[in-house]
1. How about region 59-82: which of its residues are farther than 14 Å from residue 24 by Cβ, in contact with a strand residue (DSSP E or B) (Cβ under 9 Å, 6 or more places away or on another chain) and part of a loop (DSSP other than H, G, I, E, B)?
2. Are any residues in region 183-198 touching a strand residue (DSSP E or B) at 6+ places or on another chain (Cβ under 6 Å) and aliphatic (A, V, I, L, M), and if so, which ones?
3. Read through the list (1) β-branched (Val, Ile, Thr); (2) surrounded by fewer than 16 Cβ atoms within 10 Å (Cβ to Cβ); (3) closer than 24 Å to residue 178 by Cα, then give the number of the only condition that residue 270 fails.
4. Within region 107-208, which strands (runs of 3 or more DSSP E) (wholly inside it) include 3 or more residues that are surrounded by 23 or more Cβ atoms within 10 Å (Cβ to Cβ)?
5. Residue check, residue 85 against (1) crowded, with 18+ Cβ neighbours inside 10 Å; (2) part of a loop (DSSP other than H, G, I, E, B); (3) basic (Lys, Arg), all met but one. Which one?
6. Look at residue 97 and say whether it is surrounded by 15 or more Cβ atoms within 10 Å (Cβ to Cβ) and in contact (Cβ under 8 Å) with a residue 60 or more places away in the chain.
7. Of 256, 245, 279, which residue is in a loop (DSSP other than H, G, I, E, B) and not hydroxyl-bearing (Ser, Thr, Tyr)?
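Values in this text are rule-based calculations from the coordinates and carry no lab data. Values in this document were obtained by computation on a predicted structure and should not be read as measured data. Note that we place each Cβ from the backbone using ideal geometry, even for glycine, and neighbour counts take in every protein chain shown.
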Amino acid sequence: MIDLRINIGKLKLKNPVMVASGTFGYAEEFRYFLDLKRLGAIVTKTVTLKPRQGNPAPRTCETPAGMLNSIGLENPGLEIFLREKLPDLKKPGVPLIVSIASEGDPQDFVIMARRLDKITDVQAIELNISCPNIKSPKLISQGPKATFDLVSKVRKVTKKPLITKLSPNVTDITEIALAAQAAGSDGVSLINTLTAMSIDINTRRPKIACVTGGLSGPAIRPIALRMVWEVYQKIKIPIIGMGGIMDTPSALEFFIAGATCVSIGTANFINPEATVEIISGIKEYLQKNKISSIRELIGSLECKI
């Protein structure tokens with residue numbers, strides 16, 4: 001019997017594959033393509049305290065081995081989310097992780113976390129402190145002190161497992177991960193998208209209305225993998241690895257580098273069944289290599305550094 005179960009703090013998952021925030025809508029959009037009950041967890045599209053229209057179009061464009069997006073956290077706001085989206089999200093019976101963000105005031109995180117703490121259908125909270133597509137002088141996740149202060153404040157108002165989503169747009173991501181851990185985060189997810197741009201040479205205009213956007217897809221996987229490996233060597237809390245995971249082999253790389261579980265993003269746009277195919281593929285790999293538990297694979301990289 002292959003054991004795919006993993007824990008993130010008090011959050012218990014039957015398998016280590018979840019969907020990344022912002023790439024799976026509110027799950028209802030995908031219910032016709034796959035059995036949602038097979039997922040390890042669902043991470044919601046990021047929600048802010050108040051409704052947000054998002055950024056002007058065009059918001060997305062294709063790039064070599066990836067895509068740019070600048071959606072700008074479009075969402076209906078927390079209360080409408082709880083009233084209109086949550087009922088469908090809870091139907092599959094899969095652990096639900098609600099991703100939250102602020103439009104500029106860090107206190108928004110505290111207000112939302114306190115509200116979500118009372119919602120029994122929400123099993124965990126992801127603090128999206130790293131979205132590159134909102135107007136802010138500096139992301140919270142770009143400084144260890146700001147990260148520590150924010151996570152500490154949120155930790156005081158909720159007993160639910162907290163996952164802090166980290167930005168790759170920093171000099172040393174391990175400092176941010178250590179700060180999140182010290183402040184009481186139960187896990188960290190990395191990486192969010194890389195700030196990037198693309199230009200239409202015929203019009204000499206940016207392909208994204210906001211000029212820059214977040215780069216995702218296979219192009220960023222080697223960077224994400226390196227950062228997961230670096231963070232794994234520094235912290236003791238679980239890592240949710242993400243960034244260009246498209247299939248089973250790329251998911252396995254993240255486990256070997258140190259990820260406790262993986263989150264599938266851009267692949268959902270290309271192949272709506274990517275997540276369940278990866279779950280099956282991981283199980284087959286473990287059986288073939290006579291590994292009884294996914295936990296044996298985590299951090300098993302052999303190197304002489």
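1. 59, 70, 72, 73, 74, 76, 77
2. The answer is 188, 194, 196, 197.
3. Here residue 270 meets the rest and fails (3).
4. Passing ranges, in order: 124-128, 162-165, 187-190.
5. (2)
6. yes
7. Just one listed residue meets the conditions, 245.
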